[in-house]
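Read the structure below first, then the notes.
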Amino acid sequence: MLNIGGRTFQSRLLVGTGKYRSNDEMLRAIAASGAEVVTVAVRRVNLDRRDEAGILHHLGSDKYFLLANTAGCYTADEAIRYARLAREAGFNEFIKLEVIGDKETLLPDVAGLLEATAVLAAEGFKVLAYTNDDLVTALRLEAAGAVAVMPLASPIGSGLGLLNPYFIRTIKTRLKVPVIVDAGVGTASDACLVMEQGVDGILMN
């Protein structure tokens with residue numbers, strides 16, 4: 001079982017909702033994955049659950065634990081604003097926090113991420129922080145109040161798999177909060193290699 005911020009899940013696989021060709025394909029893929037936690041990019045989706053064309057109309061919170069994320073945010077202020085918007089729109093207090101620092105690689109802005117984590121944690125959010133594979137950053141995110149730290153295996157969308165297994169193992173060894181690897185895990189074999197590092201879970205799309 002996977003425990004994050006006081007919530008327990010049976011599956012250690014978290015999945016995304018982006019880049020599917022249709023809502024039907026998305027729903028079938030999520031169902032086949034067995035995942036309970038499904039991430040939703042607040043900036044990129046229609047938040048009106050009544051709209052049948054929108055993905056939220058098809059993802060009932062009675063079936064899946066919907067995890068809002070701040071994908072596409074490039075400053076701490078922007079990420080904080082979208083986290084608050086997600087909560088006002090009916091999402092739970094959990095937020096997958098992304099503060100992107102580079103448009104080409106989509107690598108995180110560490111300073112902005114730490115700032116946003118501290119602010120949102122103080123407001124009662126349960127922050128799952130997407131970060132690089134740096135131990136010091138991971139420790140600082142934990143100290144800032146993150147309930148989980150999500151280091152990348154490799155850059156978002158690259159499909160390069162696990163580039164630095166030692167760094168991921170070290171982060172897992174040193175942190176008390178769950179470590180969930182996010183980004184760059186492109187295949188089932190990649191996922192196996194990631195889990196062999198002892199981490200608590202994986203987010204894949």
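FYI, it's all coordinate maths here, none of it is from the lab. Note that the coordinates shown come from a computational prediction; the quantities given were computed from them, not determined experimentally. Cβ: placed from backbone, ideal geometry, glycine included. Neighbour counts: every protein chain shown.
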Seminar exercise, completed: Rounded to one decimal in nm, the spacing of the 7 Å Cα→Cβ label points at Leu193 and Arg21 is 2.9
Exercise. Which distance in nm do the two modelled labels at Met1 and Arg169 give, with both placed 7 Å along the Cα-to-Cβ direction?
Worked result: 2.9
For this session: Distance from a point 7 Å along Cα→Cβ of Asn92 to each backbone N in region 1-32: keep the residues under 12 Å and list them by number.
Result: 3-10
Problem set entry | Greater than 21 Å apart at Cα, pairs in Lys63/Lys172; Lys103/Lys172; Lys96/Lys176; Lys126/Lys176 | Lys63/Lys172; Lys103/Lys172
For this session: For Val40, enumerate residues with amide H under 5 Å from its amide H, sequence gap 5+ or separate chain, H modeled in the peptide plane.
Result: Leu67, Ala68, Asn69
Exercise. Where the Cα atoms of the chain are projected onto their three principal axes, how long is each span, largest first, in whole Å?
Worked result: 45, 37, 35
For this session: Take the chain, connect every pair of alpha-carbon atoms lying under 10 Å apart with a spring to form a Gaussian network, then pick out the residue of Ala129, Ala144, Ala183 with the largest mean-square fluctuation.
Result: Ala144
Seminar exercise, completed: Taking placed amide H atoms and a strict 5 Å upper bound, the residues 5 or more places from Asn3 or on another chain that come that close are Phe9
For this session: Under 1.5 on a/c is rounded, so check that first for region 98-202, then, if it is not, pick prolate when a/b is larger than b/c and oblate when it is not; a ≥ b ≥ c are the square roots of the alpha carbon gyration tensor eigenvalues.
Result: oblate
Problem set entry | Among Lys126, Lys63, Lys172: highest mean-square fluctuation, GNM of the chain, C-alpha pairs under 10 Å | Lys63
Exercise. Say we join alpha carbon atoms closer than 10 Å with springs in a Gaussian network model of the chain; which of Val136, Val147, Val38 then has the biggest fluctuation?
Worked result: Val136
